[in-house]
Amino acid sequence: MGPLELQMEPLEKIPDLINEGEIHLNSSSPAANATRKVYASGTERSHFNSLAEVTKSCDLKWVRNRMLMSSYLVLIKAKINVLLPFGPLAIMLHYLTGKHGWVFFFSLLGIIPLAERLGYATEQLAFYTGPTVGGLLNATFGNATEMIISIYALKNGMIRVVQQSLLGSILSNMLLVLGCAFFTGGIVHYKKDQVFNKAAAVVNSGLLLMAVMGLMFPAVLHFTRSEIQYGKSELSLSRFSSCVMLVAYASYLVFQLKSRHNAYSPIDEEEGQIEEDSDEEEASEITYWEAICWLSILTAWVSVLSGYLVDAIQGASESMNMSVAFISVILLPIVGNAAEHASAIMFAMKDKLDITLGVAIGSSTQISMFVIPFCVVIGWIFEKPMDLNFQLFETATLFITVLVVAFMLQEGTANYFKGLMLILCYLIVAASFFVHIDPTTSND
């Protein structure tokens, strides 16, 4: 048997040929040399196959370990995640007891950590997308909880709940969140006034005043009965104004992220250098696709809980003897703003008020210039009469709040007394809505 014929034989048949005496491995014949080469190549092939199996096994272990690590970072590591079990508990109570008060309360508690984790997943994804796309992601997912709750309420025809909950989110961010941040930061740094960049504060204050204008004209038009077509002109004006506000907010994003990026850096160059160094040290904890998967999972879970939350609002109002207006303006926004509240206070204690203003005032700007007009457009698609007429009491409250905060920010300094004033203003607003009866409800 020649060497070429031998190499064509399968590896399993070579021992039989040796036993039959056709091949002598100890000889120096071409067949013996070919046999040794075939055995060597077979050994390499078997070694390669075993290496491939080991590599595949290692890949599976790596994927499993990454899944476990990612689950730990998102679902277990943060202390606020101790509230996660309240979500499934709210669903169980909905079907077992039907007590709307407890379902509403547990749904609130269950959504709080989800809102915070949505912010975490968005921050992780921003590591891979860069500042421009990261800013768009923050605009989209930063207030995802409010948007999801609003869309569910809008589909159920609860337009006043949508209006009041979004208004409450603006009031909560501007008065309660910013006030607590100024107060705690002022206590920690009581020997000096904390300083922040006035440029970003002025631009955000201007956008908030523009939002007040967009909300005020439909309300004034309605209550002065000066519409061409009563009830229709108000809705048409709201939809047109919403489109204009969305264009203004998109322009603001471009302006903030590209055109005048340097205008929004901290005014102290040394502080800016420190922040750059800290940004370089930070690294993403989860991968790109893990962040996308967790965003999808958390958004879906928030959507589920939001459905039970919205369904329980009316029953909770009756069982707790609270008006729907108070629940919508005061209680619901506390849930959506839990993440902003914690992060704003943390940055204020670290004397990074520029980031605190970006969290608190920036979130209010997103809601007033993006979320509210977006809900009007969604109502337009759903054929729901969602408009910008938030009633006179709510519009006046927003207008006064924007003025108060704008005056507080005009100097570019913060201290614990300014924070205390903002918190006390929020208490007045909360008490006002506690005794306020919605005109629509009273007429019904």
Output for region 313-371, where each listed residue is open to solvent by 10 Å² or more (accessible area, probe 1.4 Å), within 14 Å of Gly101 (Cβ to Cβ) and of a type in the set (Val, Ile, Thr):
Val324
Ala283 meets each of (1) modelled with pLDDT of 50 or more; (2) surrounded by 16 or more Cβ atoms within 10 Å (Cβ to Cβ) with one exception, condition (2)
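What about Thr224, is it hydroxyl-bearing (Ser, Thr, Tyr) and at pLDDT 90 or above?
The answer is no for Thr224.
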Those residues of region 247-280 which are open to solvent by 90 Å² or more (accessible area, probe 1.4 Å) and modelled with pLDDT of 75 or more, in sequence order
Val247
Val304 fails exactly one of (1) hydrophobic (A, V, I, L, M, F, W, C); (2) within 20 Å of Ile151 (Cβ to Cβ); (3) touching a strand residue (DSSP E or B) at 6+ places or on another chain (Cβ under 7 Å), namely (3)
Here is a list of conditions, (1) open to solvent by less than 60 Å² (accessible area, probe 1.4 Å); (2) under 19 Å from Val359 (Cβ atoms), and Phe127 meets all of them except one; can you say which number that is?
(1)
Report yes if Arg64 is farther than 24 Å from Met320 by Cα, surrounded by fewer than 14 Cβ atoms within 10 Å (Cβ to Cβ) and either acidic (Asp, Glu) or modelled with pLDDT under 85 (or both), otherwise no.
yes
So which residues in region 181-194 are of a type outside the set (Phe, Trp, Tyr) and either within 28 Å of the chain's Cα centre (by Cα) or open to solvent by less than 20 Å² (accessible area, probe 1.4 Å) (or both), if there are any at all?
Ala181, Thr184, Gly185, Gly186, Gln194
Where a residue in region 141-162 is farther than 19 Å from Glu123 by Cα and its partner, wherever it lies, is part of a helix (DSSP H, G or I) and open to solvent by 40 Å² or more (accessible area, probe 1.4 Å), with Cβ under 7 Å and at least six apart:
Arg160/Thr440
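For region 101-111, does any single residue satisfy the condition of being open to solvent by 90 Å² or more (accessible area, probe 1.4 Å) and within 16 Å of Val304 (Cβ to Cβ)?
No: region 101-111 contains no residue that is open to solvent by 90 Å² or more (accessible area, probe 1.4 Å) and within 16 Å of Val304 (Cβ to Cβ).
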Those residues that are in a helix (DSSP H, G or I) and touching a Phe, Trp or Tyr at 6+ places or on another chain (Cβ under 9 Å), I need them from region 322-344; list them, please.
Ala325, Phe326, Ile327, Ser328, Val329, Ile330, Leu331, Ala339
Options Asn156, Asn197; residue that is in contact with a Phe, Trp or Tyr (Cβ under 8 Å, 6 or more places away or on another chain), polar (S, T, N, Q) and surrounded by fewer than 22 Cβ atoms within 10 Å (Cβ to Cβ):
Asn197
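The values are calculated or read from the model by the stated rules, or taken from the named source; none is laboratory data. Quantities reported herein were computed from a predicted structural model and do not represent experimental measurements. Here Cβ is always computed from backbone atoms with ideal geometry, including for glycine, and neighbour counts include all displayed protein chains. Surface areas here come from the heavy atoms of the whole protein model, side chains and all, with no ligands, DNA or RNA. Shrake-Rupley method; radii C 1.70, N 1.55, O 1.52, S 1.80 Å.
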